[in-house]
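Colleague: One structure is given below, represented as C-alpha cells, and several questions about it will come after.
The values are calculated or read from the model by the stated rules, or taken from the named source; none is laboratory data. Since this is a predicted model, take the numbers as computed values, not measurements. For neighbour counting, all protein chains shown are included, and Cβ atoms are generated from backbone atoms with ideal geometry for every residue, glycine included. Only protein heavy atoms, including side chains, enter the accessible area calculation; ligands, DNA and RNA are left aside. Shrake-Rupley method; radii C 1.70, N 1.55, O 1.52, S 1.80 Å.
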Amino acid sequence: MGELQPRMRAGDKDRQRVVEQLGKHFGEGRLTVGEFDERIVRAHASVYLDELPALTADLPGDPQPHRRPTRSQMRVPSGMFVLLIAMLLAWSMVAAVIYGAPPFFALLLLFLFLRHRRWSRRW
C-alpha cells in the first residue's frame, strides 16, 4: 500500500486486496476459520488505510521472485571480428584457386559465423 498518510480513507480495492491475502493464507493453513472470519469482518469494516496492515502484520509476505544473475557478455569489437573473418575467407579462396582444393575452410568459417550470429540473437 506504499506510503500511508495519516487517516487516508480506504477504498473497496484496498479492502479486497487484504481479503484476498487473508484468503490465500487461510487456504495455506496459517489462519483458523475463526481468525479468518474475524479478520475479514474487520477488513470490510475498516474505514482508513492504516487499519488494514494490522490484519496481515503477523503473516508472511509474498516471496520475492528469484532473479537469475545476468551473464556478462564478452565484448568483441565487431569491426575487428568481421575484418578477421574476411581475411581468413579471402586467404582460403586464394589457396583454393592456387592449389585447386575446395574451400572447405572458408565454408566452415562462414557456417560457424552465421550460426554464432543466429544463436546470439536468441539470447
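Colleague: Do we have residue 82 as in a helix (DSSP H, G or I), open to solvent by 90 Å² or more (accessible area, probe 1.4 Å) and at pLDDT 70 or above here?
Modeller: The answer is no for residue 82.
Colleague: Only one of 41, 18 is modelled with pLDDT of 90 or more, out of contact with any helix residue (DSSP H, G or I) (no Cβ under 8 Å at 6 or more places or on another chain) and β-branched (Val, Ile, Thr); which? Step through it out loud before you land on a result.
Modeller: Working: 18 fails: out of contact with any helix residue (DSSP H, G or I) (no Cβ under 8 Å at 6 or more places or on another chain).
Just one listed residue meets the conditions, 41.
Colleague: Regarding residue 53, is this residue at pLDDT below 75 and within 30 Å of residue 23 (Cα to Cα)? I'd like the intermediate steps shown before the answer.
Modeller: Values: at pLDDT below 75: no; within 30 Å of residue 23 (Cα to Cα): yes.
Criteria not met by residue 53.
Colleague: Would you pick out the residues in the stretch 76-96 that are more than 13 Å from residue 110 (Cα to Cα), more than 38 Å from the chain's Cα centre (by Cα) and of a type in the set (Gly, Ala, Ser)?
Modeller: Selection gives 95, 96.
Colleague: Hey, can you tell me all the residues within the stretch 94-107 that are open to solvent by 50 Å² or more (accessible area, probe 1.4 Å) and at pLDDT 75 or above?
Modeller: Matches in the stretch 94-107: 94, 97, 98, 99.
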